[in-house]
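A short worksheet on the structure shown next.
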Ligand SMILES: Cc1cc2nc3c(=O)[nH]c(=O)nc-3n(C[C@H](O)[C@H](O)[C@H](O)COP(=O)(O)OP(=O)(O)OC[C@H]3O[C@@H](n4cnc5c(N)ncnc54)[C@H](O)[C@@H]3O)c2cc1C
């Protein structure tokens with residue numbers, strides 16, 4: 001797969017030296033990703049994943065994360081006192097570019113590394129940082145996100161999973177949904193309603209929950225691609241110690257915002273791992289590169305890839321300058337949504353009638369069809385396009401919002417979706 005790295009002549013000498021160190025380590029310890037038969041393509045071609053196959057993948061991902069951690073690459077931008085390397089987001093990005101060239105897939109840890117770590121760093125107590133970050137970086141503890149509910153997705157603050165205080169513990173009851181990897185995760189970040197008599201954003205508490213606690217049941221759900229990577233998760237009388245509250249009781253909405261902004265940056269920066277050259281190669285294979293209309297589409301695609309690259313650079317520059325991701329993260333999330341939509345359509349347009357084939361009948365075992373179908377996961381997960389537009393309209397452009405009694409009335413009195 002193609003990744004976009006800054007040309008060496010433009011690279012800051014410290015970054016270039018870090019890149020050389022990372023490349024040297026990877027060359028010795030990992031296999032180069034081959035553009036034809038490779039683990040990455042095979043996984044993204046899968047229309048089902050058998051439980052033993054999933055177990056094997058998980059073990060491989062854990063052992064890779066451990067190896068990266070032992071070599072000092074587990075948490076590149078995480079402070080050294082919590083098991084990281086203490087570098088900046090720029091080094092982290094360089095490592096992502098380099099590691100993408102090798103047969104290493106630790107994507108299952110992305111919720112933990114990309115969302116949980118920044119949230120615990122921002123809101124955790126010293127004990128929480130020391131307890132939770134190192135085993136997350138080393139791959140010993142896999143994390144999932146328990147936010148969405150059947151009646152609260154875009155309107156996440158409308159959640160109704162309740163937590164009630166009982167001595168030194170909280171007792172949680174409710175249902176979450178679309179929780180990626182919850183069926184295999186060791187820990188979860190969980191938001192719950194703890195006060196029903198205040199406006200909805202002010203009665204939410206954020207917990208760190210051990211997924212092996214009695215009363216938690218994750219049931220896998222199948223996606224359009226055929227793979228079941230996410231779940232509906234039922235919580236029945238789940239007891240969580242008070243020390244696992246992250247941030248303040250009833251202050252969980254602010255903590256959740258930190259997670260959601262990191263999630264948008266994570267999704268915006270990730271994409272499908274495909275580069276412009278992959279689409280160009282596909283067009284060459286199907287003999288489409290002389291078609292003037294297709295050439296225009298390919299030129300537009302090249303421009304889009306470059307724009308995505310610079311949007312990502314802007315977000316990283318902001319992080320480097322010490323700014324937490326703000327509403328601009330919605331620009332990135334919206335841009336990646338449109339990007340995967342255009343790319344999915346382009347792949348099938350290039351294939352023409354062959355685009356109607358599926359699985360092993362299709363070119364490259366249906367890899368491109370899965371790219372097309374996978375676009376909705378990226379466009380909906382982390383907040384839909386409509387929701388990102390609302391955020392941009394209200395928080396960046398200062399447009400008036402809809403009349404919203406749910407922002408001021410006690411949550412108990414607000415009409416619910418359920
Ligand atoms: C692949 C994938 C992985 C996911 N992983 C996780 C996870 O690990 N943990 C987790 O907690 N959640 C996860 N989610 C859930 C995701 O965050 C929600 O699906 C998303 O926030 C949308 O919520 P919803 O599905 O309830 O849709 P709804 O909120 O019901 O929206 C339905 C439609 O209405 C539109 N809409 C809703 N409100 C407005 C509005 N105010 N203005 C305009 N349009 C509006 C939406 O844009 C959408 O088109 C995942 C989702 C996907 C697809």
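Throughout, read-outs are computed from the coordinates displayed, never taken from laboratory work. Keep in mind that what you see is a predicted model, and the values were worked out from it rather than measured. With ideal geometry, Cβ positions are generated from the backbone for all residues, glycine too; neighbour counts draw on all protein chains shown.
A few remarks follow.
- Shape summary of the chain, radius of gyration then Dmax from alpha carbon positions: 21.9, 72 Å.
- Applying 1/(1 + (r/R0)^6) with R0 = 30 Å to the Cβ-Cβ distance of residue 56 and residue 131 gives a FRET efficiency near 0.55.
- Spin-label model distance (nm) - residue 345 vs residue 257, 7 Å beyond Cα toward Cβ: 3.5
- Max mean-square fluctuation residue, GNM over the chain, Cα-Cα springs under 10 Å, options 28, 245, 171: 28
- Potential lengthening of the chain between residue 284 and residue 164 amounts to 37.1 nm, from the contour at 0.36 nm per residue minus the alpha-carbon distance.
- Pair residue 89, residue 413: separation of 7 Å Cα→Cβ label points (nm): 4.1
- When the alpha carbon gyration tensor of region 213-330 is reduced to an equivalent ellipsoid, the three semi-axes, largest first, read 41, 24, 9 Å.
- Length added when fully stretched, residue 314-residue 10, from 0.36 nm per residue minus Cα-Cα: 107.8 nm
- C-alpha center-to-center spacing [region 66-103, region 116-152] in angstrom: 17
- Only Cα pairs under 8 Å and 6+ residues apart enter the sum, and on that basis the relative contact order of region 33-141 stands at 33 percent.
- Centroid-to-centroid separation of region 371-404 and region 269-347 [C-alpha atoms, Å]: 18
- Against the chain, whose longest principal axis comes from its Cα atoms, helix 13-29 is set at around 80 degrees.
- Helix axis angle, 367-380 relative to the chain longest principal axis, alpha carbon, degrees: 30
- For region 148-218, the equivalent ellipsoid built from the Cα gyration tensor has semi-axes of 20, 16, 9 Å, listed from largest to smallest.
- Helix axis angle, 89-99 relative to the chain longest principal axis, alpha carbon, degrees: 50
- With the highest mean first, a sort of the peptides 20-26, 114-120 on other beta-carbon atoms found within 10 angstrom per residue produces 114-120, 20-26.
- In region 101-249, one over the average inverse separation of all distinct C-alpha pairs is 15.8 Å, which is the Kirkwood hydrodynamic radius.
- Length released on extending from residue 29 to residue 248, taking residue separation times 0.36 nm less the Cα-Cα span: 74.5 nm
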